[in-house]
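In what follows, a single structure is set out as structure tokens and then discussed.
Read the figures in this text as sums done on the coordinates, not as results from a lab. The shown structure was predicted, so the numbers you read here are calculated from the model rather than taken from an experiment. Positions of Cβ are generated from backbone atoms using ideal geometry, with glycine treated the same way; all protein chains shown enter the neighbour counts.
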Amino acid sequence: MSKNYVIGFPRIGEQRELKKALESYWANKSDVNTLEKTANDLKIRHWEYQKNAGIEYISSNDFSFYDNMLDMAVTLGAVPKRFQDLTGHELYFSMARGNKEAVAMEMTKWFNTNYHYIVPELSLQDSYKLNATKIISEYKQAKEHGIKTKINIIGPLTFLGLSKRVDGADTYELYTKILPIYVELLQEIAKLDDFITVQIDEPIFVKDLDTKVLSLIKPTYDTLATVASNIKIAVVSYFENSCEASKILVHTPIWALGLDFLHGVENFDSLALIAASNKTLIAGVIDGRNIWKNDIEKTVNLLNKIALHVNTENILISSSCSLLHVPFSLQYEEKMDAEIKNWLSYGREKLSEIALVSQLFFHGKKSLNKNQMTALQENIIANNTRKSSKLIHDTKVQKRVNNITKLEREGKYEERIQIQKEKLQYLPLATTTIGSFPQTPEIRHARREFKNGNLDEKNYTDEMKKYIDDCVAFQEECSLEVLVHGEPERNDMVEYFGEQLQGYGFSQNGWVQSYGSRCVKPPFIYGDISRPKAMTVDWITYAQSKTDKIMKGMLTGPVTILNWSFVRDDMPRGEVSKQIALGICDEVDDLQKAGIKIIQVDEAAFKEGYPLRKTKIKAYEDWAVRDFKLSVSSAKKETQIHTHMCYSEFNDIIATIEAMDADVISIETARSGNELLKIFAKVGYKQEVGPGVYDIHSPRIPSVEDIVKQIRLLLEVLPKEQLWINPDCGLKTRKWQEVKSSLKNMVEAVTIVRNELNVK
Ligand code: GLN
Ligand code: ZN
């Protein structure tokens, strides 16, 4: 027996086969049989990968056509009224993506990952009814292929905790309606085989739970673990510690607890209790969140520490979470620097690591066969060379970081803003945009051709300049006040900077599912970060040369760059972000030296990096704020620093946002009227704010009246002197036609309101 375990496996396919099959099916270019055949082939292939790697506990029902939370909603019959006439794939994909009559269900981030799940909608009026078809057929399918799987399902407390109620009330009030369906589900599962393992995912246990939820844990698992004597239940959590829940779970008749020992070291505190309960421990020790090669010897040491408490017989070696959050296989990385590639491990490589660690831990070095021995030696060498590699360690960067004297810019806000207003001469309710303008097929094509070497630099630059010319001309024509260059040269706001920073790596095929059929390919930080040369100055100064108005320079902030990358694991995140901040700080200085007077440093992902546990928030905020300020510390008093964040829920973090001390912050508020802005007034926020006046996520063109109304709402909360007027976010996903009409209406609306207020 290999005594190892994988929480879940990615399903999109190593060549994104599922993505392609889904998109072709949605576009009516292929039929349902083709879609299902692709899905079935993928499932079988993935089971075989795991089996051949020597994994004992392999999952079924980790596959999904869109999302596992959505699957669970369908399993429980939690179908919102507007979809109730539909069935099968039509129902499922309508819930996920909407249809002509009904809007899609909401989607939101899965804990602190970049994966997004569909938020189930519950109502006290609805009745719920089991539909176990998917779960049962997947189990049978695996079994036909000679693989006896454990069945993964999302636990009732996580399901309820992540759902929303139509009337906004507490979702846990539906507990008594939902739990019986889980009981029925387990009864059905019990009929499948003599003996079955069910993995119940309860990642909600890693959050700070209130007493009501905590009080539900024991009755839930007393019930579920006794539904059928031939089912053993593993309750798994990940991404953080789940100490409070573990304390309770050990007193229920479940078989095993799965804990993440990498992102929740506090889980060590639960070991004595687990040992006393004689339960099985699924020890998450191979990182399912990062792409670095495991240090096998270090992991065995970690397991030895665990084994000081828990009997070895009761330990299973596991991934820390589902491997859904890492790319598929290194096999397709053909262009990567060989030295760097040798430090990495994707999903399939992690399977081998799990197998090797379990062989080594349970049976000792002597038990390794020749291949395993070679693998171990290669692992040791890879980790050693990484530690000492010149590619990673840049003494110049380290020296600079250790000798930072200037952590923030000069001048208090009150002093700065006066100088800026004097110099920049903008009126109250100044109009601007968030940065990007529509990405046309032509510029995408030009970027691609340039990257592939089919377009030379001169032609590429000309193409981009042409776009900038048009973009500037349009903004002048519609009388916007602070202009942007439109970001045509950027494919992505993080990748663009990553590609120009030393210490950043890129993959060819490192796709990770973000939601539905969408995948992202996060860049990775492997070494000390430095900026060899200016990254944006040429584009911005070119754009500035085309207008007498103010051209805003556009940068991505250090915290966002960090949060949207795979980050090196040999250095604290706050140290990595400090290095990035210094690079951005140099860029700010170069821009201002080149005559740029306003610079926006986007922190779109600032909030995403928040820890799951309250006790850890302060540490994050400390370095995140420090490094944002460091990144603009070169700005002179008269250089106005803007920032942008892609959300508007600031109630919990307003003090932190204020501490970042940007002169102007633009945020997303169009969909909430002025509700979410109120916190700024409530705390007496001093700096200027640009609350989005229309939703850029919709193709709908806001009318002048709509925007006038929205501005009036904003004016109920903040004085005109403190307000900027802009859309909610960047415009890159919109069509030019929509953008032109919307922005013209926005400017016209401002003129109307200014006239009313007698602003000249
Ligand atoms: N400046 C970026 C843009 O406009 C900001 C994008 C974002 O906030 N996600 O595209
Ligand atoms: Zn945004």
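Across the stretch 46-63, the number of residues qualifying as more than 12 Å from K148 (Cα to Cα) and more than 27 Å from the chain's Cα centre (by Cα) comes to 3. Every condition in (1) over 30 Å from S633 (Cα atoms); (2) within 16 Å of ligand 2 (Cβ to nearest atom) holds for V664 except the one numbered (1). Tallying residues that are free of Cβ contacts under 8 Å to residues at least 12 places away in the same chain and within 15 Å of ligand 1 (Cβ to nearest atom) within the stretch 662-676 yields 0.
Restricted to the stretch 616-632, and to residues there that are under 21 Å from the mean Cα position of the chain (by Cα) and not charged (D, E, K, R), the residue that is farthest from S530 (Cα to Cα) is I617. Residues being out of contact with any Cys (no Cβ under 7 Å at 6 or more places or on another chain) and part of a helix (DSSP H, G or I) are entirely absent from the stretch 146-155.
Only residues that are closer than 30 Å to L757 by Cα and within 14 Å of ligand 1 (Cβ to nearest atom) were counted across the stretch 418-446, and they come to 4. Listed by first and then second residue, the pairs with beta-carbon distance under 9 Å, at least 6 apart or on different chains, first residue in the stretch 429-442 and hydrophobic (A, V, I, L, M, F, W, C), second part of a helix (DSSP H, G or I) and within 16 Å of ligand 2 (Cβ to nearest atom), are F437/V739. It is to be established whether one or more residues within the stretch 95-114 are hydroxyl-bearing (S, T, Y) and out of contact with any His (no Cβ under 7 Å at 6 or more places or on another chain). No; the residues of the stretch 95-114 include none that is hydroxyl-bearing (S, T, Y) and out of contact with any His (no Cβ under 7 Å at 6 or more places or on another chain).
Screening D602 on (1) within 16 Å of ligand 2 (Cβ to nearest atom); (2) closer than 20 Å to E487 by Cα; (3) free of Cβ contacts under 8 Å to residues at least 60 places away in the same chain; (4) of a type outside the set (V, I, T) shows it passes everything except condition (3).
For the stretch 633-661, a residue qualifies if it is of a type outside the set (F, W, Y), more than 14 Å from ligand 1 (Cβ to nearest atom) and within 25 Å of the chain's Cα centre (by Cα), and the qualifying residues are E649, N651, D652, I653, I654, A655, T656, I657, E658, A659, M660.
Of the listed requirements (1) buried (at least 23 other Cβ atoms within 10 Å of the Cβ); (2) of a type in the set (A, V, I, L, M, F, W, C); (3) within 16 Å of ligand 2 (Cβ to nearest atom); (4) closer than 16 Å to T433 by Cα, I641 misses just one: (3).
Matching residues to (1) within 16 Å of ligand 1 (Cβ to nearest atom); (2) outside any helix (DSSP H, G or I):
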position: I468; (1), (2): yes, no
position: M493; (1), (2): yes, yes
position: F497; (1), (2): yes, no
position: P522; (1), (2): yes, yes
position: D528; (1), (2): no, yes
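Check the stretch 47-59 and report whether any residue there is without any contact (Cβ under 8 Å) to a residue 60 or more places away in the chain and either surrounded by 14 or more Cβ atoms within 10 Å (Cβ to Cβ) or among the basic types (K, R) (or both). No, there is no match, as no residue in the stretch 47-59 is without any contact (Cβ under 8 Å) to a residue 60 or more places away in the chain and either surrounded by 14 or more Cβ atoms within 10 Å (Cβ to Cβ) or among the basic types (K, R) (or both).
Filtered by the rule that a residue be of a type in the set (F, W, Y) and buried (at least 17 other Cβ atoms within 10 Å of the Cβ), the stretch 164-221 gives Y172, Y175, Y182, F205, Y221.
The residue that is nearest to ligand 2 (Cβ to nearest atom), counting only those in the stretch 715-760 that are surrounded by fewer than 14 Cβ atoms within 10 Å (Cβ to Cβ) and in a loop (DSSP other than H, G, I, E, B), is T733.
Every test in (1) over 25 Å from T113 (Cβ atoms); (2) out of contact with any Cys (no Cβ under 7 Å at 6 or more places or on another chain); (3) more than 16 Å from ligand 1 (Cβ to nearest atom) is passed by I599 save one, and that test is (3). Cβ separations smaller than 8 Å between residues 6+ apart or across chains give the following pairs from the stretch 404-415 residues that are touching a residue at least 24 places away in the same chain (Cβ under 8 Å) to residues that are among the β-branched types (V, I, T) and in a helix (DSSP H, G or I): G411/I419.
Quick check on the stretch 252-306: of everything there that is of a type in the set (S, T, Y) and touching a residue at least 40 places away in the same chain (Cβ under 8 Å), which residue is surrounded by the most Cβ atoms within 10 Å (Cβ to Cβ)? Explain how you work it out, then say what you get.
Just the residues of the stretch 252-306 that are of a type in the set (S, T, Y), to begin with: 252, 270, 277, 280, 299.
Subset that is touching a residue at least 40 places away in the same chain (Cβ under 8 Å): 280, 299.
On the way: T280: 22, T299: 24.
Residue satisfying both the conditions and the ranking: T299.
Selection within the stretch 533-561: residues that are surrounded by fewer than 24 Cβ atoms within 10 Å (Cβ to Cβ) and among the hydrophobic types (A, V, I, L, M, F, W, C). The member of this set that is farthest from the chain's Cα centre (by Cα) is I550. Out of R82, R11, I need the residue that is of a type in the set (K, R), part of a helix (DSSP H, G or I) and within 23 Å of S163 (Cβ to Cβ). Which one? Answer to the selection: R82. Pick from the stretch 555-584 the residues that are part of a strand (DSSP E or B) and of a type in the set (A, V, I, L, M): which of them is nearest to F628 (Cα to Cα)? Filtering first and then ranking leaves L555. Inspect all residues belonging to the stretch 728-745 and state whether any of them is within 23 Å of T639 (Cα to Cα) and within 16 Å of ligand 1 (Cβ to nearest atom). The answer is yes; a qualifying residue exists. Cβ separations smaller than 9 Å between residues 6+ apart or across chains give the following pairs from the stretch 716-739 residues that are without any contact (Cβ under 8 Å) to a residue 24 or more places away in the chain and over 20 Å from A662 (Cα atoms) to residues that are aliphatic (A, V, I, L, M) and more than 16 Å from ligand 1 (Cβ to nearest atom): Q737/I701.
Got a sec? Which of L91, L70 is closer than 23 Å to C321 by Cβ and either among the aromatic types (F, W, Y) or not in a loop (DSSP other than H, G, I, E, B) (or both)? Only one candidate qualifies: L70.
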